[in-house]
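Each reported figure results from applying straightforward, stated rules to the coordinates on display, with no laboratory input. Only a predicted model underlies this, so the values are computations on that prediction, with no experimental measurement involved. Cβ placement follows ideal geometry from the backbone for every residue including glycine, while neighbour counts extend to all protein chains displayed.
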C-alpha cells in the first residue's frame, strides 16, 4: 500500500498543491510554519477522515474559502483507489471512493491505512485516558471494517442520552430505551478496544525494547462499570446495563452520563509502574514510539498490508540513541518525514522543499 499522489485545495495553508511522494521515503524540509505538517495532515485525513491534530473540520478550511478538498490516489500491487473528500467550513463532509459515495463506513475502512508519529504523542502518556481511548479506537478503525460504525453509533447514542438527561429525564420508558441502546453500542465498542489491547500485547514489549533496549510494557484496560473488560459482548452489555440503571440518580442530578466506555481508563505500565506518573521522561518517549511501532505491526499482522508511515519532526525531539534505535526499527513501508534541518534525519530518501505553499523536489 502506498500513496501515488495527494492533492490539497483550500486546505489549511494551501490554496492548491499537487504532490507525488516517493514510493519509499520522502523527506519534507522547510522552516517552521512552512506547511509541512499541514501536508502530512492532508495525507492522514484520507485515511482517518479527521485531523490527526484533533482539530475540528471547519478549521482545516483555508481562511479565504468556504470548502476545502483533499484528494489522493492509493496504489496496491493489483489495483488503485481514488479518495476524494470535500470539507465544508460548516456542515458535513462529503466522501467519494472511486467517484462514488460509499453506502457504509466499512467501504472506506482500509482504503488507506496510516500510522503517525507526532511531537504531541507524549500526550498519550502524560494526559488523561481520553488520549489512550482514542489511540485504541484509531487502531480498531484501521483494522476492522465495522469498527468505525460501532464508534459512531456509541457516540451518537451517548449524545442522545445526554440530551435526554439535560431535558429532565422525566420519561421512564424513554430512559429505558437509551439505557438499552447505550449498553449495546458501548459493549461492542469495549469488546473491540479489548481486541486491540490483546493484539498489541504481542508486539508492545518487543517494540519498546527495540527503542529502549530493555523493559516490559503492559496495556491495562480499566472500566469502573465492569471487572471483566475481556468478556464477550453479551456479558459486557449486561454489566453496562446494570451500571447505567444504578447510576440513574447521579446522572439525573448531573444531567450527564457518568458511567460507560467514554469514562474508561486504559493505562500503560512499564515494568509494573504507572507510565504516566512513575516513568522517566526517557521511558515515556520510548513508550510513545513503541505504541506507534506496535500499532503498525498490529495493522500489518491483521490486514496483511503495510500502513504508510508519517513522521512529523520526530527525530529532532530524540536523543542520538533513540534516533538510531527508531531508524533501525522502522518497517519497510512508504514513509514521509518532516524536518526543519536535514541533519536531524538519519535517513536517506527523496527530498522535497516546502515553501510558499509549494512542495518542490530538490
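Here the relative contact order of region 118-304, from alpha carbon pairs under 8 Å that lie six or more residues apart, stands at 31 percent.
Quote the relative contact order of the chain in percent (integer), defining contacts as alpha-carbon pairs under 8 Å separated by 6+ residues.
This gives 25 percent for the chain.
I need the shape label for region 1-55. Rule: rounded when a/c is under 1.5, else prolate if a/b > b/c, else oblate, with a, b, c from the alpha carbon gyration tensor. Rounded, since a/c falls under 1.5.
Computed extension gain for residue 54 through residue 220, at 0.36 nm per residue and net of the alpha carbon distance, reaches 57.4 nm. With a ≥ b ≥ c the root eigenvalues of the C-alpha gyration tensor of region 87-223, is it rounded (a/c under 1.5), prolate (a/b larger than b/c) or oblate? Oblate. By the count of other C-beta atoms within 10 Å, a proxy for reagent exposure, 224, 1 are ordered fewest to most as 224, 1.
Counting beta carbons within 10 Å around each of 64, 137 and listing the fewest first gives the order 64, 137. Here the residues 116, 174, ranked from fewest to most Cβ neighbours within 10 Å of their Cβ, fall in the order 174, 116.
Note on the chain: helix-only mean residue ellipticity at 222 nm, from DSSP H runs of 4+ residues weighted -39500 (n - 2.57) and normalised by residue number, equals -13000 deg cm²/dmol. Between the C-alpha center of region 4-77 and that of region 258-324 there is a gap of 24 Å.
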